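To start, the structure itself, in structure tokens.
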Amino acid sequence: MVVRPCGSPWVPTPPTAVGGHGCPPPHGCIPRGRFKDFYELEPNKFQNKTNGITPRRWLLLCNPGLAEVIAQRIGEDFVADLDQLQKLRSFVDDESFIRDVAKVKQENKLKFAAFLEKEYGVRVNPASIFDVQVKRIHEYKRQLLNCLHIITLYNRIKKEPNKPFVPRTIMIGGKAAPGYHMAKMIIKLVTSIGDVVNHDPAVGDRLKVLFLENYRVSLAEKVIPAADLSEQISTAGTEASGTGNMKFMLNGALTIGTMDGANVEMAEEAGEENLFIFGMRVEDVEALDRQGYCAHDYYERLPELRQAVDQLSSGFFSPRQPDLFRDIVNMLMNHDRFKVFADYEAYVKCQEKVSALYKNAREWTRMVIRNVAASGKFSSDRTIAQYAREIWGAEPTRHRIPAPDEPRE
Ligand SMILES: *Cc1c(COP(=O)(O)O)cnc(C)c1O
């Protein structure tokens, strides 16, 4: 059984289950726990609506440059009817549009780089991939998988310092709940890896690791328009939906992600070939549960994973307190409910594909355009309309409601 750590009351449907009036239950799940009895009485009262984000905040307000180049091609009506972004599909071969979209992203990156320098005195390479994972710090969201990838990149640079390397700036941001020790330790790990990587002259400006403190909506509005790569790497079956994933898609970042939550629908809308999808699907996670997940097997079989874990154990990233990350290593090796090691190899390989595509700026941007064009479904206008119609039976009024600042009769 998949238990969603966010407290979602949905569980996967057993093959025999049937919803109200013989219809299949929503998104293949039925409610569990205290909702189960209610579901049996009134199955029609249990529905699921795909989440959404408001395009006013998450495009017009936070990314006026992108909104402008879109409006120049398809007009302004997409603002209140996001499905119209589909019209951008006819511009994937339009060289002037490709150039404009790439230019807006570069401007957003420069602006965020200037913000980082002014606020924190850190300099980043604006030609590097801006690789961003911003969300609450939680084991199921697997910031630790991202950390293992960073360590792997660092070790590769150290091993072959003259080999070409596609530069990356990896930014991780998010809050840890006050009583959640493991989440606090994950933040400590990110900053500790940064202390080593960012000060190693052998690395130069090819790899930088930043922890973005005090992640909140106002910071999201700055970093998301500047992101090239959106990290959505939770264990399949654990993320109820995600909305950060949608914000990045609308703002022209490509997604590296698992088939989890709304990533599944993003892949459906854009085509799986336009996302970097990797790792276990829900069925694979369930099969691994039946077989019994053994982290030691991966540790023994994958030399780069073993090196990274050994560095955590030996205090390589915490020389003044060598046992600082003992709890993290113990968790990963002996009781990792989210199976980080099981997706490590596929994740690192998928990141190699990301780097390879980034070298081809034109193809990268064309994939960005296909994603933006496919992001219309993720407007909260659609979510709200579905709630109104399909749950409350409310139809739109024929009368236009004046805005709050408009004079009323
Ligand atoms: C959108 C948003 C989230 C949700 O992010 P997920 O990646 O879906 O978990 C969390 N915090 C802030 C500040 C946000 O803007």
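The values are calculated or read from the model by the stated rules, or taken from the named source; none is laboratory data. These numbers were taken from a predicted model, which means no experiment stands behind them. Counting neighbours? That spans all protein chains shown, and the Cβs are built from the backbone with ideal geometry, glycine included.
Taking each residue of the range 215-236 that is within 10 Å of Met171 (Cβ to Cβ) and looking for partners that are within 12 Å of the ligand (Cβ to nearest atom) and assigned to a helix (DSSP H, G or I) with beta-carbon atoms closer than 8 Å, six or more apart or interchain, yields Ala227/Phe248.
Filtering the range 44-69 to residues that are in contact with a Ser or Thr (Cβ under 8 Å, 6 or more places away or on another chain) and of a type in the set (Val, Ile, Thr) leaves Thr50, Ile53, Thr54.
Could you count how many residues in the range 376-409 are among the aromatic types (Phe, Trp, Tyr) and more than 23 Å from Gly242 (Cα to Cα)? Count: 1. Do we have Asp77 as more than 19 Å from Gly194 (Cβ to Cβ), acidic (Asp, Glu) and either surrounded by 13 or more Cβ atoms within 10 Å (Cβ to Cβ) or under 23 Å from the mean Cα position of the chain (by Cα) (or both) here? Judged against the criteria, Asp77 is not a match. Taken over the range 42-72, residues that are in a helix (DSSP H, G or I) and either surrounded by fewer than 16 Cβ atoms within 10 Å (Cβ to Cβ) or among the hydrophobic types (A, V, I, L, M, F, W, C) (or both) amount to 16. Hey, Ala342 hits all of (1) assigned to a helix (DSSP H, G or I); (2) surrounded by 17 or more Cβ atoms within 10 Å (Cβ to Cβ); (3) under 18 Å from the mean Cα position of the chain (by Cα) but one; which does it fall short on? Among (1) assigned to a helix (DSSP H, G or I); (2) surrounded by 17 or more Cβ atoms within 10 Å (Cβ to Cβ); (3) under 18 Å from the mean Cα position of the chain (by Cα), Ala342 violates only (3). Among the residues of the range 189-211, those identified as surrounded by fewer than 19 Cβ atoms within 10 Å (Cβ to Cβ), more than 19 Å from Ala127 (Cα to Cα) and touching a residue at least 60 places away in the same chain (Cβ under 8 Å) are Asp195, Val196. With respect to the conditions (1) of a type outside the set (Ser, Thr, Tyr); (2) assigned to a helix (DSSP H, G or I); (3) out of contact with any His (no Cβ under 7 Å at 6 or more places or on another chain), Gln351 falls short on a single one, namely (3). Test Thr255 against the criterion of being of a type in the set (Val, Ile, Thr), within 16 Å of the ligand (Cβ to nearest atom) and part of a loop (DSSP other than H, G, I, E, B), and give yes or no. Criteria not met by Thr255. Annotation note: of Val79, Val92, Val134, Val124, the sole residue that is within 16 Å of the ligand (Cβ to nearest atom), of a type in the set (Val, Ile, Thr) and modelled with pLDDT of 95 or more is Val134.
Restricted to the range 137-147, and to residues there that are crowded, with 21+ Cβ neighbours inside 10 Å and more than 10 Å from the ligand (Cβ to nearest atom), the residue that is nearest to Ser355 (Cα to Cα) is Asn146.
Only a single criterion out of (1) of a type in the set (Val, Ile, Thr); (2) more than 16 Å from the chain's Cα centre (by Cα); (3) closer than 27 Å to Asn48 by Cα is not satisfied by Thr238, namely (2).
Looking at the structure I just gave you, is Val101 of a type in the set (A, V, I, L, M, F, W, C), surrounded by 15 or more Cβ atoms within 10 Å (Cβ to Cβ) and not in a helix (DSSP H, G or I)? In short, no.
Among the residues of the range 180-201, not a single one is of a type in the set (D, E, K, R) and within 27 Å of Arg281 (Cα to Cα).
When only residues in the range 212-229 that are of a type outside the set (Val, Ile, Thr) and within 9 Å of the ligand (Cβ to nearest atom) count, which is surrounded by the fewest Cβ atoms within 10 Å (Cβ to Cβ)? Looking at the filtered set, the residue picked out is Ser218. One residue stands out among those in the range 351-409 that are within 21 Å of the chain's Cα centre (by Cα) and of a type in the set (Ser, Thr, Tyr): the one that is nearest to Gln86 (Cα to Cα), which is Ser375.
Total residues in the range 278-308 satisfying the condition of being touching a residue at least 60 places away in the same chain (Cβ under 8 Å) and among the aliphatic types (A, V, I, L, M): the figure is 5.
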